[in-house]
Amino acid sequence: MSKKLDVVLGLQWGDEGKGKIVDVLASRYPAVARFQGGPNAGHSLHFDGKSFVVRSIPSGIFREGSTNVIGNGVVLDPVTFKEECENILKTGIDPKGKLVISRKAHLILPTHRLLDAAYEAAAGKGKIGSTLKGIGPTYTDKISRHGLRVGDILSPDFRSLFAALKSRHLQLLNDLHFDFDPDKGEAEWMEAIEYLKQFKLVDCEFFVNGWLSEGKGMLAEGAQGSMLDVDYGSYPFVTSSSTTIGGVCTGLGVPPSRVGKVFGIFKAYCTRVGSGPFPTELNDETGETLRRVGHEFGAVTGRPRRCGWLDLVALKYAVMVDGVTDLIMMKSDCLDDFDTIKVCTSYKVGPEGKETNELPYDITAGIEPVYTEFKGWKKDLTGVRTESGLPQEFKDYVKFMEDYLGVPISIISLGPDREATIER
Ligand code: IMO
Ligand code: MG
């Protein structure tokens with residue numbers, strides 16, 4: 001019997017802990033697929049006392065016997081990809097036998113990265129705070145129909161296709177008066193293209209639909225988060241892909257009717273890297289404490305993450321847009337020492353301070369979060385492995401969120417390790 005495609009989506013501004021959860025869930029799925037984003041993602045995994053970060057490769061790669069798919073919705077930087085593969089190889093796992101890549105995925109060129117930097121430099125104060133991995137310019141070329149795709153690397157015309165796109169980029173860079181070396185990284189990139197040729201390239205729409213029809217399960221792993229979605233995020237301070245549920249269908253070639261469970265993952269507080277609105281941001285000691293306790297520094301760029309209280313208005317919006325069926329709550333153990341824990345349950349907007357629990361069109365200014373306070377549990381949760389070991393204050397807090405969001409929290413993570421996970 002045909003199987004459904006289950007999905008894990010970040011519901012906030014990224015960095016919710018998708019790597020850990022996909023790694024935990026991957027033991028139940030013979031395949032894991034990425035459907036959007038690229039090396040702007042940094043998914044961290046911890047097991048057997050070791051830590052890993054994956055960027056473009058699905059977090060299922062470390063599970064024995066797993067198949068991992070890089071879908072057509074992903075933008076692939078061959079250089080980062082090669083580095084990632086070499087790091088995985090050091091752990092004794094050969095990614096070559098476990099990875100298939102869509103021919104229709106778009107390639108990130110060295111000049112896409114330059115363009116990313118040039119646009120950010122030109123934006124001055126209005127900059128997005130991009131990870132500078134070339135994500136935006138690559139998706140721009142895809143949509144404007146100028147992009148190079150993975151399948152093109154096997155074309156006898158590949159060099160001339162590359163040269164044409166590069167020359168287009170050089171023109172743009174000149175227009176932006178950006179100081180750059182036009183050949184920087186090109187030799188390394190071409191070498192990485194040769195490396196990429198050793199991998200199994202597929203039409204992933206056939207691969208994924210065929211796989212599911214054979215009765216084999218698959219888990220789709222989102223990158224970034226719903227609040228960074230190009231349509232539903234805090235535009236223009238977003239990434240350039242569809243991080244919400246629709247991206248799964250276009251990024252892998254599966255119809256909505258094939259989607260099964262939608263796991264929505266969120267942290268018990270909020271973080272954001274880069275610029276853009278963040279209604280519950282804490283620019284005070286509490287924000288500092290969250291950053292320190294939660295080790296909130298970027299896995300890709302090392303930048304300190306902005307921290308704030310949990311925003312249930314934004315979270316409920318993401319739950320709605322994504323059709324979340326199961327919630328996964330991460331890092332509540334980071335709140336163990338707080339006397340009082342706050343969650344934002346509505347916003348006051350506009351000059352009259354009208355109260356609403358719907359996310360407004362413009363969240364850049366004039367929003368005052370309204371908080372509900374909870375008594376802290378003041379107990380170390382990191383070693384707790386069963387529901388019965390959880391303090392009553394914590395259970396009340398979880399129950400409140402389930403009622404507000406209308407979806408059960410089926411997994412609670414209390415630490416970075418695979419083992420620190422309670423299933424309910
Ligand atoms: P994971 O998958 C957090 C943010 C950047 C920037 C904006 C646009 O690890 O959760 P881009 O490089 O995509 O053009 O940057 O999006 N951003 C992320 N923030 N986690 C991520 O990925 C992110 N990927 C991009 O900081 O504000
Ligand atoms: Mg990350």
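We did not get these values from a lab; they are worked out from the coordinates using the rules stated. Predicted model, so just to flag it, every value in this text is computed and none were measured. Here the Cβ is made from the backbone with ideal geometry for all residues, glycine too, and neighbour counts use every protein chain on show.
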If you take all C-alpha pairs in the chain, what percent of them are over 43 Å apart? 11 percent
So which lysines can residue 133 reach, going by Cα to Cα under 21 Å and dropping same-chain residues fewer than 8 places off? 18, 82, 104, 125, 142, 166, 184
For the stretch 129-206 and the stretch 270-346, what is the centre-to-centre distance using only Cα atoms, to the nearest Å? 35 Å
Within 13 Å, Cβ to Cβ, of residue 421, how many net charges do the neighbouring residues add up to if Lys/Arg are +1 and Asp/Glu are -1? 0
Check residue 33: other-chain or 5+ apart residues with amide H under 5 Å from its amide H, H built from backbone geometry? 69, 219, 220, 221
FRET efficiency for residue 352 and residue 387, using Cβ-Cβ distance with R0 set to 51 Å, rounded to 0.05: 0.70
Of the residues 294, 14, 215, which exhibits the maximal mean-square fluctuation in a Gaussian network model of the chain defined by a 10 Å Cα contact cut-off? 215
Counting each DSSP H run of 4 or more residues in the chain as -39500 (n - 2.57), what helix-only mean residue ellipticity at 222 nm follows after dividing by all residues, to the nearest 500 deg cm²/dmol? -9000 deg cm²/dmol
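Which of the peptides 260-271, 153-164 is most tightly packed, and how do the rest follow, going by the mean number of other Cβ atoms within 10 Å of each residue? Walk me through the numbers on the way to the answer.
Working: 260-271: 24.3, 153-164: 12.5.
With the highest mean Cβ count within 10 Å placed first, the list reads 260-271, 153-164.
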Once you've got the GNM for the chain with C-alpha springs shorter than 10 Å, pick whichever of 376, 124, 71 has the biggest mean-square fluctuation. 124
Work out from phi, with θ = phi - 60° and the Karplus expression 6.51 cos²θ - 1.76 cosθ + 1.60, the ³J(HN,Hα) of each residue of the stretch 381-394, listed in order in whole Hz, and give x for Gly and Pro. 8, 4, x, 6, 10, 10, 4, 5, x, 7, x, 4, 4, 5
Expected vector for the stretch 237-243, Karplus 3J(HN,Hα) from phi with 6.51, -1.76, 1.60 and θ = phi - 60°, integer Hz, x for Gly and Pro, equals 7, 9, 8, 9, 10, 8, 8
Can you tell me the FRET efficiency between residue 372 and residue 127 if r is taken as the Cβ-Cβ distance and R0 is 30 Å, rounded to the nearest 0.05? 0.30
Positive dipole terminus of the chain, leading residue within 169, 329, 132 (C-beta point charges): 169
Cα-Cα separations in the stretch 10-163 greater than 22 Å, expressed as whole percent: 44 percent
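Given R₀ = 41 Å, FRET efficiency for residue 2-residue 177 by Cβ-Cβ distance, to 0.05?
Working from the Cβ atoms, E equals 0.15.
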How far apart, in nanometres, would the label points at residue 160 and residue 289 be if each is projected 7 angstrom from Cα along the Cα-to-Cβ direction? 6.6 nm
Give the percent of DSSP beta bridges with both residues in the chain that are antiparallel, rounded to the nearest 5. 45 percent
